């Protein structure tokens, strides 16, 4: 309790907290896009429950990982070399997560382009299996982002309470934003393709990071924001044309 009071009175701790919360929320955007697309494939009655269960379990997993922060930091130690480049467990996790995102987004794009080809659909026929599959996939991707964000957080502050508060704040934002974002994506089919393109870009970035190529996050999110802005303008233009067409009749 005394340690917490000291942190409350420390301006540097507040700066670290705000910075970490912003970072966690921004990183959560990637997760939210994936969760929205994935849960929208479920029957309508299961979607909101899947989002809440998936994000809730992800929160538990993140808090558990924070409890092993000393072990997670060691994941940056190279375990083997290829052509003179050392690969750590963190690198391997990022590469595996990037490949998973690329595979997932490619499957979904193929299904969107050729919806008649049901053999390529990753969703099982059983609602129970589909729900379980969605939860597992949400947790797999959250594990990848959690390891990366925790290692980054450790470099910003040594105080575990600050990390815990930042995670709780970010997950709360995810819980609030998950359903509205999913509904928005469902009502605007062109957004789905844009979101899948985002996932492919994020997956490629994760693989590049795992291979030792640093990609500034600011460039990635700036590209995503610009693309989203263009799509919003396209939506306004389409709605204007529809209204004009309706008035002409």
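The values are calculated or read from the model by the stated rules, or taken from the named source; none is laboratory data. Note that the structure is a prediction, hence the values are computed from the model and not measured. FYI the Cβ positions are ideal-geometry reconstructions off the backbone, even for glycines, and counts take in every protein chain you see.
Of all residues in the stretch 77-93, those satisfying the criterion of being loosely packed, with under 14 Cβ neighbours inside 10 Å and under 14 Å from residue 210 (Cα atoms) are 77, 78, 79, 80, 81, 82, 85, 86. Answer with yes or no whether residue 245 is more than 25 Å from residue 108 (Cα to Cα) and either under 16 Å from the mean Cα position of the chain (by Cα) or surrounded by fewer than 14 Cβ atoms within 10 Å (Cβ to Cβ) (or both). Here the answer is yes, as residue 245 does meet what is asked.
The test for being surrounded by fewer than 16 Cβ atoms within 10 Å (Cβ to Cβ), farther than 16 Å from residue 163 by Cβ and modelled with pLDDT of 75 or more holds for residue 43. Selection of the stretch 94-121 for residues being at pLDDT below 85, surrounded by fewer than 19 Cβ atoms within 10 Å (Cβ to Cβ) and in a helix (DSSP H, G or I) yields 107, 109, 110, 111, 112, 113, 118, 119, 120.
Please verify whether residue 42 is touching a residue at least 60 places away in the same chain (Cβ under 8 Å) and within 25 Å of residue 152 (Cβ to Cβ), treating the condition exactly as stated. Answer is no for this residue. Please go through the stretch 18-32 and pick out each residue that is over 13 Å from residue 137 (Cα atoms) and crowded, with 20+ Cβ neighbours inside 10 Å. Residues satisfying the conditions are 20, 24, 28, 30. Considering every residue within the stretch 219-228, establish whether at least one is in contact with a strand residue (DSSP E or B) (Cβ under 9 Å, 6 or more places away or on another chain) and either loosely packed, with under 15 Cβ neighbours inside 10 Å or in contact (Cβ under 8 Å) with a residue 12 or more places away in the chain (or both). Within the stretch 219-228, none of the residues are in contact with a strand residue (DSSP E or B) (Cβ under 9 Å, 6 or more places away or on another chain) and either loosely packed, with under 15 Cβ neighbours inside 10 Å or in contact (Cβ under 8 Å) with a residue 12 or more places away in the chain (or both). Of all residues in the stretch 54-74, those being surrounded by fewer than 17 Cβ atoms within 10 Å (Cβ to Cβ) and not in a loop (DSSP other than H, G, I, E, B) number 11.
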